[in-house]
Amino acid sequence: MKCPYCDNQKTKVIDSRAVEDGGVIRRRRRCEECDSRFTTFERRETVGLMVVKRDGVREAYSREKLELGFRKACSKRGVDTDEIERGIARIEEQVMKEHGKDVSASVLGDMVMEKLRELDEIAYLRFASVYKRFGDVSEFQKELGELMPEEADSPL
Ligand SMILES: [Zn+2]
């Protein structure tokens, strides 16, 4: 695992723990060159999972998109990264168990709303206000991107 600060290839795992019953493993690493610390997440694969939009168009599920949605909704709300990781892992797990390889965008959106409601009321309201108008998680990201200026995310 390459160090994000100095690109050195030699990094050491200093702590490793499961975030969600085996679904995600969080690793704390230290760079042997510059001594920086950073976190990596090891996740279960969701290869082949497809999201079916309202107009019938199917697109490959994107964890990054979902994570971005969560991060934007939770922006400045003090929600822990682990909580977001856990929420996404739970959603992925539930989707694969209950819907197999195809999940409708609205089912996915509802799951995100449910999860955000558990995490933070304001994050939930932010997401819900946009999502209910557009009914699509990717539209939500566009809209929120305009509402809230992009902020520099701390490296994981
Ligand atoms: Zn380094």
Quiz item: Can R43 be described as within 15 Å of E93 (Cα to Cα), of a type outside the set (S, T, N, Q) and at pLDDT below 85?
Solution: yes
Practice problem: Return the total of residues in segment 75-98 being crowded, with 20+ Cβ neighbours inside 10 Å and farther than 21 Å from L125 by Cβ. | Solution: 4
Exercise. Could you run through segment 90-126 and say how many residues are touching a residue at least 40 places away in the same chain (Cβ under 8 Å), of a type in the set (A, V, I, L, M) and in contact with a helix residue (DSSP H, G or I) (Cβ under 8 Å, 6 or more places away or on another chain)?
Key: 8
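Name every residue in segment 67-88 that is in a helix (DSSP H, G or I) and either modelled with pLDDT under 90 or among the charged types (D, E, K, R) (or both), in order of residue number.
Passing the criteria: E67, L68, G69, R71, K72, T81, D82, E83, E85, R86.
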Self-check item: Residues of segment 99-132 satisfying the condition of being over 16 Å from the mean Cα position of the chain (by Cα), within 23 Å of K76 (Cα to Cα) and surrounded by fewer than 17 Cβ atoms within 10 Å (Cβ to Cβ)
Solution: E121, I122, L125, S129, K132
Practice problem: Quickly run through segment 1-36 and pick out the residues that are within 16 Å of the ligand (Cβ to nearest atom), exposed (fewer than 15 other Cβ atoms within 10 Å of the Cβ) and assigned to a strand (DSSP E or B). | Solution: K12, V13, I14, R28
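Of all residues in segment 37-63 being among the aromatic types (F, W, Y) and closer than 21 Å to V112 by Cβ, which is farthest from the ligand (Cβ to nearest atom)?
The extreme case among them is Y61.
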Quiz prompt | Matching residues, segment 90-103, being of a type in the set (A, V, I, L, M), in a helix (DSSP H, G or I) and modelled with pLDDT of 90 or more | solution = I91, V95
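The values are calculated or read from the model by the stated rules, or taken from the named source; none is laboratory data. Since the model is a prediction, treat every value here as computed from it, not as a measurement. Glycine gets a Cβ as well: all are built from the backbone with ideal geometry, and neighbour counts include every protein chain shown.
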